[in-house]
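Participant: Handing you a structure now.
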Amino acid sequence: MEEYRLELKHVSKSFGEVQALENINFHLGQNEVVGLLGDNGAGKSTLIKIITGYHQPTSGEIYFNGKKVDHLTVPKARELGLETVYQERALAELQTLWRNIFLGRELTTWMGFLDIQRMRDETYRLMTESMGFTSRAVNPDSLVGKYSGGEKQGVAIVRALFFNADIVVLDEPTMGLSLKESAKLISFVNGIKQAGKSAIFIDHNILHVYNVADRVVVIDRGRVAGEFQTKNIGLNELMDKMVRVAETGRLS
Amino acid sequence: MNSQNKARLPEITQHYKPPFNLRRFIRTNSAQLGILGVFVTLWIIFIVSAPKTFLAPHIYSAFMASTPFFAIMAIPLTIVVIAKEIDLSFPSIMAMGMVSFNYTYGATTFIHNTTIQVFLAIVAALVTGAIIGWLNGFIIVKFGIPSLVVTIGTQFLWSGADLVLTQGANFSLEYIKQTFFYNLFVGTIGPYFPMQMFWLIVVTILGWILLNRHRFGAHVYLIGDNINSAELMGINTGRVRIQAFMLVGVVSAFAGILASFYVAYFWPNVGGGYLLQTLASVFLGGTSVFGGTGTILGTFLGAFIIGAIEAATVAVGLTGFWTNFIYGLIIVLSVIMHTYLRKRGE
Ligand SMILES: Nc1ncnc2c1ncn2[C@@H]1O[C@H](COP(=O)(O)OP(=O)(O)OP(=O)(O)O)[C@@H](O)[C@H]1O
Ligand SMILES: [Mg+2]
């Protein structure tokens, strides 16, 4: 059998009194896009922050390509090919665009000295080629805090896609985006799939999830309530299911 | 990891070179230009009101002799403040460094070579500074206690330890004059240029490079701006902050050496009186207490404004009683200016 690109076994996470995740079993296949659905506070963001190495699970195991990884950290997860668009965007608003694009993995020449020209060049290219920013206010040296909500989000998204990750994690990437931008993002995610890579996609818009995901995992109050393949189910049926989960905590 | 990232990137074909734009230049450097404006304005006021004093080289030599003792600490302190932390314990680190200095000198008399003894004593002082700085950072990061609280505590702790260890004794360090370290640290180049000014310039340049051209500095800005973002993106925020406190520690111990060497005398409270001047230099220079913004150059200019006011007050013909009043006036007005410039820049 082919190894999963990523797998969580019996993962639990509590924040003091709050049990955010309870005995989660989750996997992401090779070249698979998984959608995560669930109510506010269900534990979706906590789950992906465990995958990205930001949170350490209280118990349970994490596997990348079938290999167990102990003490996963953000840099380690990144080395394993994972990039993330966090729900909170993780930007530094008083800093320039180029510093935000390379936040936490600055390009350096030797001994940690910054390759500033290179980072500005790369940022400029990304802006013109990938972001499609039209505002004159957006350039490598402008401060991200001044951008519009959608532009800020564009920065977080482009930053994740730029580094050519094998696994892209997107936590509510379409929140606050215009219809046009959302459509662009959806085609981006489809592009990830076409390029042979994997993605985890969280969105409260069922239509978006339905359009990009091969498989949908439903999280409810910190547990996996169920999952299904999108090709086996119609959109109406999916909506009915989600209502049922909200009421009963179970998928079927 | 960096080489890996690079390898995945296609070749750059187009360089980003925006044409020079004066308005943008002014906007991005408003804090530094603002403090430069204050600096030049005060200077002109001084020259106009006391031309005899301020057109002679002697007064500048005096400024360059006394200002570096606190200005040099304001440089790493700027880095700490940009990371949205504060350190109030550096005066006690100045003293503790010198306590180590004295102990080491005393414990190595068997070497019978003053220069080697002084050298070892200097190393001991710097290491002591690094350790105390590390401890500050460690307590702040590990226990998550605000640095304001921790360093008020450690300031008392180490200035207390200093008094206990020295029993309040003060004594001459005349022997250092036999070594080349004396001239190296506090001698003069030519008739007017004090060596402590040279060391201030060295520390300023190193601080600037670290903050603006090195990954460490990039992470300092990011941590001060939004520590949560920095952590989500994998920056080791604890380690970077501890390193910043260690820089303050090492440089403060060095400042203690400079100040003690200058008078060739050891006072247990060598750092006393520098606390507010150093902090004022940082904030006068436009570094924000809210973190994420600030410049080394601003601090450098801020320190010389602070350093000049006392002498200038007297030279201009006011009594020394005016000094603090004028300090306060300039600090308050400059901080208001910086806040205004920041608001406009946003
Ligand atoms: N750092 C934290 N400390 C304490 N509790 C937390 C923390 N992070 C999340 N929680 C709690 O864990 C639970 C799950 O939160 P999480 O952010 O994972 O939900 P979510 O499914 O992403 O919700 P949403 O759709 O609103 O983003 C919530 O009850 C939340 O309050
Ligand atoms: Mg969430």
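The values are calculated or read from the model by the stated rules, or taken from the named source; none is laboratory data. The structure presented is a predicted model; accordingly, all values stated were derived computationally and were not measured. As a convention, Cβ positions derive from the backbone with ideal geometry for all residues, glycine included, and neighbour counts pool all protein chains shown. The area values use the complete protein model at the heavy-atom level, side chains included, leaving out ligands, DNA and RNA. Shrake-Rupley method; radii C 1.70, N 1.55, O 1.52, S 1.80 Å.
Participant: Taking only Cα atoms and a 10 Å spring cutoff, compute GNM fluctuations for chain A and point out the largest among A:T128, A:T109, A:T73.
Facilitator: Among A:T128, A:T109, A:T73, the largest mean-square fluctuation in the Gaussian network model of chain A belongs to A:T109.
Participant: Enumerate the calculated ³J(HN,Hα) couplings along region B:136-141 in order (Karplus 6.51 cos²θ - 1.76 cosθ + 1.60, θ = phi - 60°), each rounded to whole Hz, writing x wherever the residue is Gly or Pro.
Facilitator: Once θ is set to phi - 60°, the couplings for region B:136-141 become 3, x, 4, 5, 4, 6 Hz.
Participant: Please find, in a Gaussian network model of chain A (springs between Cα atoms separated by less than 10 Å), the residue of A:N23, A:N236, A:N164 whose mean-square fluctuation is greatest.
Facilitator: Ranking A:N23, A:N236, A:N164 by mean-square fluctuation puts A:N236 first.
Participant: Using only atoms on other chains, find how many Cβ atoms lie within 10 Å of each Cβ of peptide B:231-241 and report the average.
Facilitator: Average per residue, whole number: 5.
Participant: Under the rule of -39500 (n - 2.57) per DSSP H run of 4 or more residues, summed and divided by the residues of the protein assembly as shown, what mean residue ellipticity at 222 nm is obtained, to the nearest 500 deg cm²/dmol?
Facilitator: Computed mean residue ellipticity for the protein assembly as shown: -18000 deg cm²/dmol.
Participant: Taking Cα centroids, how far is region A:1-79 from region B:110-141 in Å?
Facilitator: Cα centres, region A:1-79 to region B:110-141: 46 Å.
Participant: Tell me, what ³J(HN,Hα) does each residue in region A:32-40 have, in order and in whole Hz, if you take phi through Karplus 6.51 cos²θ - 1.76 cosθ + 1.60 with θ = phi - 60° and put x for Gly and Pro?
Facilitator: 10, 10, 10, x, 10, 10, x, 5, 4
Participant: Amide H of A:V224 versus every other amide H placed in the peptide plane: which residues, excluding those fewer than 5 positions away on the same chain, fall under 5 Å?
Facilitator: Under 5 Å from the amide H of A:V224 lie the amide H atoms of A:N25, each far enough along the sequence or on another chain.
Participant: Step through the residues of region B:96-107 one at a time and calculate ³J(HN,Hα) from phi using the Karplus curve (6.51 cos²θ - 1.76 cosθ + 1.60, θ = phi - 60°), rounding each to whole Hz and writing x for Gly and Pro.
Facilitator: Once rounded to whole Hz, the list reads 5, x, 6, 4, 4, 4, 5, 4, 5, 4, x, 7.
Participant: If you count, for every residue in A:79-92, the Cβ atoms of partner chains within 10 Å of its Cβ, what is the mean?
Facilitator: 3
Participant: Here is a follow-up. How much of A:K44 can a 1.4 Å solvent probe reach, expressed as accessible area in Å² and rounded to 10?
Facilitator: Roll a 1.4 Å probe over it and A:K44 shows about 10 Å².
Participant: Which three semi-axes in whole Å describe the equivalent ellipsoid of region B:68-123, each the square root of 5 times a Cα gyration tensor eigenvalue, listed largest first?
Facilitator: In descending order the semi-axes read 31, 11, 8 Å.
Participant: If only Cα atoms are counted, what is the Rg of region A:140-202, and what is its Dmax, in Å?
Facilitator: Cα-based Rg and Dmax for region A:140-202 come out at 12.1, 36 Å.
Participant: Whose amide H sits under 5 Å from the amide H of A:V33, counting only residues 5 or more places off or on another chain, with H placed in the peptide plane?
Facilitator: A:A199, A:D214, A:R215
Participant: Could you compute how much accessible area chains A and B hide from each other, both sides summed, with a 1.4 Å probe? Nearest 100 Å² is fine.
Facilitator: The contact between B and A buries close to 3900 Å².
Participant: Could I ask something else about it? Sorting check: for B:86-97, A:177-188, B:239-250, A:201-212, which peptide has the highest mean count of neighbouring beta carbons within 10 Å, and how do the rest follow?
Facilitator: Packing order, densest peptide first, comes out as B:86-97, B:239-250, A:201-212, A:177-188.
Participant: In terms of modelled amide H atoms, which long-range or inter-chain residues lie less than 5 Å from the amide H of B:Y265?
Facilitator: Answer set, sorted by chain and number: B:L173.
Participant: Using all C-alpha to C-alpha distances in chain B, build P(r) with 20 Å bins and read off the rounded percent in each one.
Facilitator: 28, 55, 16, 1
Participant: Under a GNM of chain A (C-alpha, springs under 10 Å), which listed residue has the highest mean-square fluctuation: A:V155, A:V69, A:V85?
Facilitator: A:V69
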